[in-house]
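**Student:** Quick one: this structure, given as structure tokens, is what I'll be asking you about.
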């Protein structure tokens, strides 16, 4: 059996070769200790180089978020040996007890920590750091780490910018690319653009001399990897306008959002009460206090709060009516302090004004009765088989204005608001058991409909553009930062642009037709041609919410604004002054003499305690 | 129509042991690739910006390929295309020298848009098919000079072209075919002489030329005594003496040529790599850096390793070519000796069962092809692990099915599954 014999010989050979490999492995991994010591950092040390995080500019190049240097002490517990606790404590300006506590903690969790390097002391004084750097060789396992921290040279946009914080264990579990001690953007712009702002970590390899003291670049840095700095982000925010908006909103609860209609760029986004930028850099220290505040300053109302839009929603109903052909600009409807909608005489109230009104004047005076007729005609449109079908068409058109769904902004935690589906009413009232009268509140933007301030600001932009919008966003494209092409696309509503000019004169008159009963005369600024619509939305928790949207100038608008102030009464009392002051400041750069009293009143009034 | 009653089921015909090993090696490789590229911070193991994610795609492709080879392509097809395929691939190998882009000094990659592939990978398959085809012809005898030269030429041709592509490492794999020839009747002297030549080369470089010369003389003396005692006939005795003298002259010539070969023929980096592995030069910074870092990574793993994704050496990219040629470092560091043992056992079993199936085969083509496959796996395993463990000079070839790389993974998949298909075909009918 010559052949089998050869096969066997070769298999024995295979066995021998594999045993040689295993023997070598056994030697390298188990018998020979020198490789382990090498790995334990004896001759070479690696220093992680943190890239400077990208900075954030406003639309005019003003620095909103910058960096400053911070010094940390890091520790790799597995490498710590012969620790002179007292000496380390005195060098680092801390107590021996603190160090002993930390070491005990590391020991307790040693299996979980493994070979990881942890942050031992954060943000120590530069002098302390220099002192430590000289003596570092005495404390194996400890090393200094220089990194950058956030700095905020201009006081604007606390909630908008968001904050960075050290990664949490939960976040680490989901993002293995981070390591303990890294910082990441938690909220706002910092979170939205984490990927670009972050950059890439690098490392330097150093060699120590026999006394472990001086460090030389290993092989002249041939194996070093330089950190890649994060990309700078340019926000669409106008920092000065943002700051002014924050001052206007000071002491009020609500949101103020301004959009450039021709681009969808968000110029200002205030959520009040909000976070002051001075707490952002060391957010961890303030977190407890802020999260307990009953006014919820951490909560960004502009995108995450949903409210009934109130009368500003009449614009939408009017436009849908025009599109569906159930409304014509010349149509007049009577209104005597309201609209009676049940045989028993139940009435949806309105304020005193002349009657009957056409569409333009109904918008100007914000007549409730008029829009009840409009909504009735929409839902009882003979084109459709029943109310439900008519409602579904109405809902679809409303949603095309960006309501009832997230707009798709690049800002995190945007809510969708709510435009109830017919299923909802079918469940609530049973199928076929609800009619126009049942949901009459929707005529005037009350009831189940909920919108975010960003969505109603977007409505202002749609009015300004006469029928389309760009998805509102807070980041401009710049070097190293791309934005989704969807932000460059016009989003048309389902209402034909030709209908918008039939409504806009009413908005112009609301602000500028002094003495004719317009609801927003307080917002009149000579020469600016602001077009606006007030709203007063019922709030189950106290006083009504004051709402106002506007854009200006009427032709070729530069800015569209929405102000939503909780528990502040009529739209004209607070939201209108605040929004129009912002517009005036943006377009004119200053407040005219005739409106400075108004400005003073707004700046100085605190509606919340 | 086939007679279904004789058609045996999949369970009995396909050698599932090989397929299980194949999957285990590939999957274990994949999760180690993820560990190796982790410092680049991929979003997940499927992140296509990183090798781990790309490997997932390659693996999916490999499985499709394996299915096609196993169930769709008629196994007889391979035998029928052995010659044309061999010819085409030899042409590709030559073309790539002139048409390829220069990747780290070698001209072995074809680039077609985003797709890159190395014809050298294909040539392992076609050479194996060709060798099996020629050597399984009725009447083929290794002892016949003409047949011997034909077989040798089939192996040497791609080998030489690949050397010309400056891919000396890949060429070295082809020396493994000597085991196939040996199995088919090549005199045991050939592998032995090859071994002696390598030994002399190493000894000459490591110690001195005269140590080698003494070794040659001692070898010759021992052989002479052994041979002369066995044969009685004067005529054969005389031949043995002549042969011995010839051997000594050749041996001494080899020793004296070593110096020339080493200093003049080899390129600088090749010379340095050999010097480092022989310990002639302690160069922890230059060429030795890779191997030293590799050993530190493996050594620091200890018995049980640091745990998956817990490696410190491999993660920060201190070991170069982390997910390709040096992937075994990650195993060593994170899974320890136990993990390495596991991997080696997987390969050991794969090669052993391949040879076992080959031996059991009733057709010469399947048997010879099976040996070729086993030899390719064996050579890759030994060269790759030898390099990572500092036993061999740095030769950049992948750990088969384990290292990152689409063209290598697909080539080895095809290589292996052609054998499984051949083996199945044969077991299908009694």
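**Student:** Just to check your reading of the model, which residue among A:277, A:234 is buried (at least 18 other Cβ atoms within 10 Å of the Cβ) and at pLDDT 90 or above?
**Tutor:** Unique residue meeting the criteria: A:234.
**Student:** Taking only the range A:178-214 into account, find how many residues are within 10 Å of chain B (Cβ to nearest Cβ) and modelled with pLDDT under 70.
**Tutor:** Matching residues across the range A:178-214 total 1.
**Student:** Restricting to the range B:268-321, count the residues that are modelled with pLDDT of 75 or more and part of a loop (DSSP other than H, G, I, E, B).
**Tutor:** Going through the range B:268-321 one residue at a time, the tally reaches 10.
**Student:** All but one of (1) touching a strand residue (DSSP E or B) at 6+ places or on another chain (Cβ under 7 Å); (2) modelled with pLDDT under 85; (3) away from chain B (no Cβ under 14 Å) hold for residue A:223; state the number of the condition that does not hold.
**Tutor:** The single condition residue A:223 does not satisfy is (3).
**Student:** In addition: Anything in the range A:1-42 that is modelled with pLDDT of 85 or more and either surrounded by fewer than 12 Cβ atoms within 10 Å (Cβ to Cβ) or more than 7 Å from every other protein chain (Cβ to nearest Cβ) (or both)? List them, or say none.
**Tutor:** Hits for the range A:1-42 are A:8, A:9, A:12, A:13, A:15, A:16, A:19, A:20, A:23, A:27.
**Student:** What residue, of A:447, A:402, is in contact with a strand residue (DSSP E or B) (Cβ under 7 Å, 6 or more places away or on another chain) and either without any contact (Cβ under 8 Å) to a residue 60 or more places away in the chain or assigned by TED's automatic domain parsing to the domain that holds residue A:506 (or both)?
**Tutor:** After applying the criteria, what remains is A:402.
So that you can scan it fast, the table gives a plain yes or no per residue for (1) buried (at least 16 other Cβ atoms within 10 Å of the Cβ); (2) touching a residue at least 40 places away in the same chain (Cβ under 8 Å):
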residue: B:224; (1), (2): yes, no
residue: B:246; (1), (2): no, no
residue: B:251; (1), (2): yes, yes
residue: B:255; (1), (2): yes, yes
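**Student:** Then there is this: With respect to residue A:308, is the statement that it is in the same structural domain as residue A:485 (by TED's automatic domain parsing) and closer than 13 Å to residue A:453 by Cβ true?
**Tutor:** Spelling it out, residue A:308 is indeed in the same structural domain as residue A:485 (by TED's automatic domain parsing) and closer than 13 Å to residue A:453 by Cβ.
**Student:** Of everything in the range A:102-112, what is part of a helix (DSSP H, G or I), surrounded by 11 or more Cβ atoms within 10 Å (Cβ to Cβ) and under 39 Å from the mean Cα position of the chain (by Cα)? Give them in sequence order.
**Tutor:** Passing the criteria: A:102, A:105, A:106, A:110.
**Student:** Checking the condition at pLDDT 90 or above and surrounded by fewer than 19 Cβ atoms within 10 Å (Cβ to Cβ), which residue from B:94, B:81 passes?
**Tutor:** Just a single option satisfies the conditions, and that option is B:81.
**Student:** Please state which of the following conditions residue A:418 fails to meet, knowing it meets all the rest: (1) in contact with a strand residue (DSSP E or B) (Cβ under 6 Å, 6 or more places away or on another chain); (2) more than 20 Å from residue A:392 (Cα to Cα); (3) at pLDDT below 95.
**Tutor:** So the condition that residue A:418 fails would be (2).
Residue by residue, here is whether (1) touching a residue at least 40 places away in the same chain (Cβ under 8 Å); (2) assigned to a helix (DSSP H, G or I); (3) crowded, with 22+ Cβ neighbours inside 10 Å; (4) facing another protein chain (nearest Cβ under 8 Å) holds:
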residue	(1), (2), (3), (4)
B:324	yes, no, no, no
B:331	yes, yes, yes, no
B:338	no, yes, no, no
B:378	yes, yes, yes, yes
B:392	yes, no, no, no
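The values are calculated or read from the model by the stated rules, or taken from the named source; none is laboratory data. None of these values were measured; they are calculated from a predicted model. Neighbour counts run over all protein chains shown; Cβ positions are idealised from the backbone, glycine included.
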